[in-house]
Amino acid sequence: MPMPLKKAAPSIPFLLLCIIFLPCFFLTILVIYRVDDFASQTKTVVGHNLNPTPWHLFPPKTFTGKTRYARVSKIIQCSYLTCRRRSTTPTSTKIPEWHTRQSSNTVGKCPMFFTRIDHDLQPWVRSGISLSSVMEAQKFAAFRVVIVGGKLYVDFFYACVQSRAMFTVWGLLQLLRRYPGMVPDVDLMFDCMDKPTISREEHGSKPLPLFRYCTTMDHFDIPFPDWSFWGWPEINIGPWDEEFLGIKQGSQVLNWTQKLSYAYWKGNPDVQSPARVDLLQCNNSDIIGAQIMRQDWVEEAKNGFKESKLSNQCNHRYKIYAEGYAWSVSLKYILSCGSLALLIAPEYEEFFNHGLISMTNYWPISRLDICPSIKSAVSWGNTHPSEAEAIGKSGQDLMESMSMARVYDYMYHLITEYSNLLQFKPEPPPSAHEICEESVLCFADPTQRQFLERSTTYPSPTPPCTL
């Protein structure tokens, strides 16, 4: 009987392949797991891995439009690889020739509202700003901004609503582009939500430096130009210089006598604003002289923003400004119309509010008697058309003087004066990421990218205005 055949022993090449393949396979799995874990801890300018600010809650951001692999790839590429691919001698490090010459012939004086800078930094003039004060302000901040050697580093703590963080950071990058090699090293905390938090009553003995979009007389918060100066894609508002030009042109379609002789307001009253709720009661063009219209941004977005174009809203002699949840970005657009701006007793102040003069470039409206106060203003304006038109024109002129060139000058002087008060050398913390124009554009969706590119600036041909 024949003996059974024995199975041949595995060949040496097969064993060798197994020895090589299995470690590589497990190493690949480990790398994928670690990269995924790494990406899940990376906080980004669009809000990845960030919770909403606890002091102003809003629905958490979701990123469900792409596969997990695509999302992880995007985070790694935009956060860690994009800025490193830039030229080793970026434009932002080159100092303009006029800066080295210090030519005084081309330097103009800053507008009056720049006096706000001294006012807002006054609490730290004697004491200076210590690192401990900056770090203590972190509990009120959404992110930390550090500029060192012309490079921008940001450490994100919380997400910002919509694209506020993206466009605010973009504005800082444009400042570095506008004045390459001139912006000093700085370390500051920034909150991107609406209401000031550093009250003078609570923090009077130790003011904490915190930048945000508005402040009040009762707060130490330092006002800074808001994100909408570079665009607000969610409601189709373009960069400031574009919008002002369009609004001014729209304001000239009708002369003063042809404009509707009553006051106009269009906005969203559903933002916890008592003033806007009370304003709804004034909607009577015959008795009160006011037309009050509700703006539904959800429906407007569905219709392609056909009815919300700002340049088409300058056909009234009077335009009303009512604060929202806090301040409202609408103030600059209302003043730009050249209509007589009726301001309902503002509580919150933007960086340019020091340029506003009652009865010179706006008309004050009582918060306690909104409707009668509007009626009285409209009645006065209709019996004094030349004076009313002059006040409206003065408001428009103020906004024209606040071009993006002047906005960058304000940012430059505010950051420079703030930097002079620092008692420590700014250094980016390990948790901060370098952010460059390319990395922001990398994260931006097609609509955001269009707005960002439209607001791109260029190195200034002249020095900043002088304080």
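The values are calculated or read from the model by the stated rules, or taken from the named source; none is laboratory data. This is a predicted model, so every value here is computed, not measured. FYI the Cβ positions are ideal-geometry reconstructions off the backbone, even for glycines, and counts take in every protein chain you see. With ligands, DNA and RNA removed, areas are computed over all heavy atoms of the protein, side chains included. Shrake-Rupley method; radii C 1.70, N 1.55, O 1.52, S 1.80 Å.
Kindly indicate whether residue 452 is under 22 Å from residue 155 (Cβ atoms) and either assigned to a helix (DSSP H, G or I) or free of Cβ contacts under 8 Å to residues at least 24 places away in the same chain (or both). Answer is yes for this residue.
Candidates 269, 239: the one that is under 20 Å from residue 345 (Cβ atoms), surrounded by 16 or more Cβ atoms within 10 Å (Cβ to Cβ), modelled with pLDDT of 95 or more and touching a Lys or Arg at 6+ places or on another chain (Cβ under 6 Å) is 269.
Scanning the range 93-107 finds one or more residues that are modelled with pLDDT under 90, surrounded by 12 or more Cβ atoms within 10 Å (Cβ to Cβ) and either within 30 Å of residue 394 (Cα to Cα) or in contact with a Phe, Trp or Tyr (Cβ under 6 Å, 6 or more places away or on another chain) (or both). With respect to (1) more than 30 Å from residue 113 (Cα to Cα); (2) open to solvent by less than 30 Å² (accessible area, probe 1.4 Å); (3) in contact with a helix residue (DSSP H, G or I) (Cβ under 6 Å, 6 or more places away or on another chain), the lone exception for residue 261 is condition (2).
Scanning the range 196-214 for residues that are part of a strand (DSSP E or B) and crowded, with 18+ Cβ neighbours inside 10 Å yields 211, 212. Among the criteria (1) over 30 Å from residue 237 (Cα atoms); (2) crowded, with 20+ Cβ neighbours inside 10 Å, the one residue 380 does not fulfil is (2).
The condition (being of a type in the set (Phe, Trp, Tyr), more than 30 Å from residue 222 (Cα to Cα) and not in a strand (DSSP E or B)) is satisfied by just one residue among 305, 351: 305. Determine whether the range 395-402 contains at least one residue that is free of Cβ contacts under 8 Å to residues at least 60 places away in the same chain, open to solvent by 30 Å² or more (accessible area, probe 1.4 Å) and assigned to a helix (DSSP H, G or I). There is at least one residue in the range 395-402 that is free of Cβ contacts under 8 Å to residues at least 60 places away in the same chain, open to solvent by 30 Å² or more (accessible area, probe 1.4 Å) and assigned to a helix (DSSP H, G or I).
Quick one: which residue in 193, 217, 182, 189 is in a strand (DSSP E or B) and either among the charged types (D, E, K, R) or modelled with pLDDT of 95 or more (or both)?
On inspection, the qualifying residue turns out to be 189.
Could you run through the range 301-329 and say how many residues are surrounded by fewer than 22 Cβ atoms within 10 Å (Cβ to Cβ), small (Gly, Ala, Ser) and in contact (Cβ under 8 Å) with a residue 12 or more places away in the chain? Residues that pass the stated criteria total 5. Do the conditions hold for residue 427, that is, is it in contact (Cβ under 8 Å) with a residue 24 or more places away in the chain and surrounded by 14 or more Cβ atoms within 10 Å (Cβ to Cβ)? For residue 427, the condition - in contact (Cβ under 8 Å) with a residue 24 or more places away in the chain and surrounded by 14 or more Cβ atoms within 10 Å (Cβ to Cβ) - is not met.
Tell me, please, whether a residue that is assigned to a helix (DSSP H, G or I) and under 24 Å from the mean Cα position of the chain (by Cα) can be found in the range 339-346. Scanning the range 339-346, I find no residue that is assigned to a helix (DSSP H, G or I) and under 24 Å from the mean Cα position of the chain (by Cα), so the answer is no. In the condition set (1) free of Cβ contacts under 8 Å to residues at least 60 places away in the same chain; (2) assigned to a strand (DSSP E or B), residue 122 is compliant with all but (2).
Of all the listed residues (417, 349, 389), the sole one being within 20 Å of the chain's Cα centre (by Cα), modelled with pLDDT of 95 or more and open to solvent by 30 Å² or more (accessible area, probe 1.4 Å) is 349.
If the condition is being in contact with a strand residue (DSSP E or B) (Cβ under 9 Å, 6 or more places away or on another chain) and surrounded by fewer than 19 Cβ atoms within 10 Å (Cβ to Cβ), then the range 110-135 contributes 110, 121, 128, 130, 131, 135. What do you reckon, is residue 344 over 30 Å from residue 161 (Cα atoms) and open to solvent by less than 60 Å² (accessible area, probe 1.4 Å)? Here the answer is no, as residue 344 does not meet what is asked. Just one of the numbered conditions (1) in contact with a strand residue (DSSP E or B) (Cβ under 9 Å, 6 or more places away or on another chain); (2) surrounded by 19 or more Cβ atoms within 10 Å (Cβ to Cβ) is not true of residue 286: (2).
Among the residues in the range 167-174, are any hydrophobic (A, V, I, L, M, F, W, C), closer than 27 Å to residue 307 by Cα and open to solvent by less than 30 Å² (accessible area, probe 1.4 Å)? Steps first, please.
Taking the range 167-174 and keeping what is hydrophobic (A, V, I, L, M, F, W, C), we get 167, 169-170, 172-173.
Adding the requirement that they be closer than 27 Å to residue 307 by Cα leaves 167.
Next cut, open to solvent by less than 30 Å² (accessible area, probe 1.4 Å) only: 167.
Within the range 167-174, one or more residues are hydrophobic (A, V, I, L, M, F, W, C), closer than 27 Å to residue 307 by Cα and open to solvent by less than 30 Å² (accessible area, probe 1.4 Å).
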